[in-house]
Amino acid sequence: MRKLFGTDGVRGRANAYPMTAEMALRLGAAAGRYFRRDGKDTHRVVIGKDTRLSCYMLETALTAGLTSTGMNVLLLGPVPTPAVGMLTTSMRADLGIMISASHNPHEDNGIKFFGPDGFKLSDTAEEEIEALLEAGVEPARPESIGRARRIDDGRFRYQERVKSTLPHGMTLDGLKVVIDCANGAAYRAAPEVLWELGAEVVHVGVSPNGRNINDGVGSTAPQAAAEAVRAHGADVAICLDGDADRVLILDETGAQADGDQIMALMAARWAAEGRLKDGTLVATVMSNLGLEHFLAGQGLKLHRTPVGDRYVVEAMRRHGWNLGGEQSGHIVMTDYATTGDGLLAGLQFLAEMVRTGRRASELARSFEPCPQLLKNVRYAPGKAPLEEEAVKTAIAAAEARLAGQGRLLIRKSGTEPLIRVMAEHADAAILSEIVEELAEVVERAV
C-alpha cells in the first residue's frame, strides 16, 4: 500500500514532511532509478511548476536527485499541468513531473508524476517508487551524472496544441471572455491563447507573486471573476485553478457551471456528432445524480470511478472511452490530452457558443442538479475516524434512511487530512439533517 502518494501525487505543507527539500531529493532519485531500469544510455525528464514560492526549492532538489541517477532534466518553468503530460511525450521523455498543489493555498505544495506515455503513474508504479525511496538509491558513476537545462519554448508548444483543438477556421471574434488564472501556472498561457484566437480578453488572477496563488481568485474562489463579468459586460468567464487542470465556467450573469454541467454539454454534443466512444461518459462517485439522469434521458451511459482524475483516466484507457472528468472541473478528453485541462475544456465550451450562437447561460444548465451537500471534517494525523464503531453505526443508519431516495458518500480526502461527508436527496431539509448529524459523529471521533 502507498504511504507517501495520495490520489494526485505527493502533497503536504511546504518545508514540512513530505514536502521538504530532502524528501524531494530522495523522491527524485527514486523516480530516476525507477525509470532507468530499461538500460537505455540516455534518459530525460521534464519538470514543470506553478507559481508557488516553494517551487524553486522543490525544483532544485528534484533536479539534484534525478541528475544523481543519470537523468537529464529539462526545466519548463511555470506551465499548466496538462502541458507537462503533453511535453513528456512530444520531447520523448521517460518521465514528467509537475510541482503543484493544484487548488490548495500557497503554503502547500505537491509533486505529480507522468509516465513516458504522458499519463499519470499507476498505483503499482507509485508503490515501487516508494519502495526504492525507502531502500535507498545507489547514485550513478561520476561520468554518468545527468545534466539540467532550461527549455524556453515549452509554454508556446502547449499553446499551439491547445489552439489546434478548435474546429478548423473557427475564431472567437466577437466574444468578450474573462479569464481567471488563479495567479497560477496558466497566468500567461491562457490569456495569450484566447487573444490569439480573437477573443476580447479581460484578465483576472494574472499577477503571481509566489504567495497569492488561489488567493481569492480561481475556480475555488470565482467571485472576482463574476464581478469582472458583470463590470465588463462579458459573455462568459473561464476560471482555472493553480495548475490549470480544472475549470469552472461562469455565464454572462456570473452564475456558475461546474464540471458536471460542462461534461453534460460536451457528452450530448459529442454523441450527436458520433464522437462519444461507446456512448459513455466517465465520472467519479462525486458527480451529481442529475447528471446520471440527464445522460440516461439522452440514451447515454455514465460509468463511475473512485474520486481522482487518475482513476477516471484509467477507466477511460481500459475501455477505450474518450470523455470523462470530475464535478470539481477536471475534464479529460483523451482525443486531445492525457490529463484534465481547464483551458482546453473552456475552449470547448466557447466553441459551442460560437457554433450555436447561444449565450453561456443557455448552455451551462443542461440538467437540474439533485440537491447535494458536502461537509468536510478535519482530523489529526494518525487518527482513523471511519474505523470507529460509532461512525460506522451512524453511516449505516444514514444509508438506510436514504435507501432508494438518495445517495451517501463518506470518504477520506486523498490530498488533505479531511473526511468528506457528502449526500444527495430531493428533500433539502432531510439532506441537511443527515449530513450535519454524520459530520457531528465524525467530529466526535477525531
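The values are calculated or read from the model by the stated rules, or taken from the named source; none is laboratory data. For clarity, every value in this text was computed on a predicted model and none was experimentally measured. Neighbour counts are summed over all protein chains in view; Cβ atoms, including those assigned to glycine, are modelled from backbone coordinates with ideal geometry. Only protein heavy atoms, including side chains, enter the accessible area calculation; ligands, DNA and RNA are left aside. Shrake-Rupley method; radii C 1.70, N 1.55, O 1.52, S 1.80 Å.
In a simple Cβ point-charge model (Lys, Arg +1; Asp, Glu -1; nothing else charged), the stretch 221-314 has a dipole of about 340 debye relative to its Cα centre.
Placing one equal scatterer on every Cα of the stretch 357-438 and applying the Debye formula, the log10 ratio I(q)/I(0) at q = 0.15, 0.17, 0.24, 0.27 Å⁻¹ is -0.62, -0.73, -1.13, -1.30. Once the chain from Ala429 to Glu368 is taken as fully extended at 0.36 nm per residue, the excess over their C-alpha distance is 20.2 nm. Can you give me the % of accessible surface on the chain that is carbon or sulfur? Probe 1.4 Å, all protein chains present, nothing else counted. The value for the chain is 49 percent carbon and sulfur by accessible area. Accessible area per residue was computed with a 1.4 Å probe on protein heavy atoms; Arg211 scores about 140 Å².
Among beta bridges identified by DSSP and lying wholly in the chain, the antiparallel ones come to about 50 percent. Computed as a quarter of the hull surface, the mean projected area of the alpha carbon convex hull for the stretch 193-264 stands at 5.2 nm². Counting only protein heavy atoms and using a 1.4 Å probe, the accessible area of Arg155 comes to about 30 Å². Considering only Ile419, Ile47, Ile249, the mean-square fluctuation computed in a Gaussian network model of the chain, springs between alpha carbons under 10 angstrom, is largest for Ile419. With the chain treated as a Gaussian network of Cα nodes joined by springs under 10 Å, which of His106, His330, His319 yields the largest mean-square fluctuation? The residue with the greatest mean-square fluctuation here is His319. The simple Förster model, with R0 at 22 Å and r as the Cβ-Cβ distance, assigns Ala397 and His293 a FRET efficiency of 0.25. Shape annotation for the stretch 275-360: C-alpha extents along the principal axes are 35, 29, 23 Å, from largest to smallest.
Maximal additional length on extending the Asn376-Asp278 stretch stands at 31.7 nm, based on 0.36 nm per residue less the C-alpha distance.
For the pair Arg411 and Glu143, a Förster radius of 60 Å applied to the C-beta separation gives a FRET efficiency near 0.75, rounded to the nearest 0.05. Most simply put, the stretch 1-104 has about 10% antiparallel DSSP beta bridges, counting only bridges with both residues inside it.
Ordered from highest to lowest accessible area with the whole protein assembly present and a 1.4 Å probe, Lys49, Lys301 read as Lys301, Lys49.
Considering all different alpha carbon pairs of the stretch 131-211, the Kirkwood hydrodynamic radius works out to 16.1 Å.
For a modelled paramagnetic label at His319, 7 Å from Cα along Cα-to-Cβ, the residues of the stretch 262-284 in reach, with backbone nitrogen under 14 Å, are 276-284. With a cut-off of 16 Å on the backbone N, the residues of the stretch 178-221 near the modelled label site 7 Å out from Glu107 along Cα-Cβ are 211-216.
Using the Cβ-Cβ distance between Ala131 and Arg444 with R0 set to 35 Å, the FRET efficiency from 1/(1 + (r/R0)^6) comes to roughly 0.40.
Among the trypsin sites (Lys or Arg not before Pro) in the stretch 325-388, those located in a DSSP loop and surrounded by at most 14 other Cβ atoms within 10 Å of their own Cβ are Arg358, Arg359, Lys383. Across the stretch 309-324, rounded Karplus estimates of 3J(HN,Hα) from the backbone phi angles (6.51 cos²θ - 1.76 cosθ + 1.60, θ = phi - 60°) give 5, 5, 6, 4, 5, 4, 5, 4, 5, 5, 9, x, 7, 10, 9, x Hz, Gly and Pro being marked x. Out of Tyr336, Leu408, His425, whose Cα points farthest toward the positive end of the dipole of the stretch 311-446 (charges: +1 Lys, Arg; -1 Asp, Glu; placed on Cβ)? Farthest towards the positive end: Tyr336. Taking label positions 7 Å along the Cα-Cβ direction at both Glu192 and Ala231, the computed distance is 2.6 nm, reported to one decimal. Ser366 exposes around 40 Å² of accessible area when a 1.4 Å probe is run over every protein chain in place. Beyond 21 Å, what share of the Cα-Cα pairs of the stretch 2-148 remains, rounded to the nearest whole percent? Looking at the stretch 2-148, the distances longer than 21 Å represent 34 percent of pairs.
Available extension along the chain between Glu436 and Tyr17 is 147.6 nm, counting 0.36 nm per residue and deducting the alpha carbon span.
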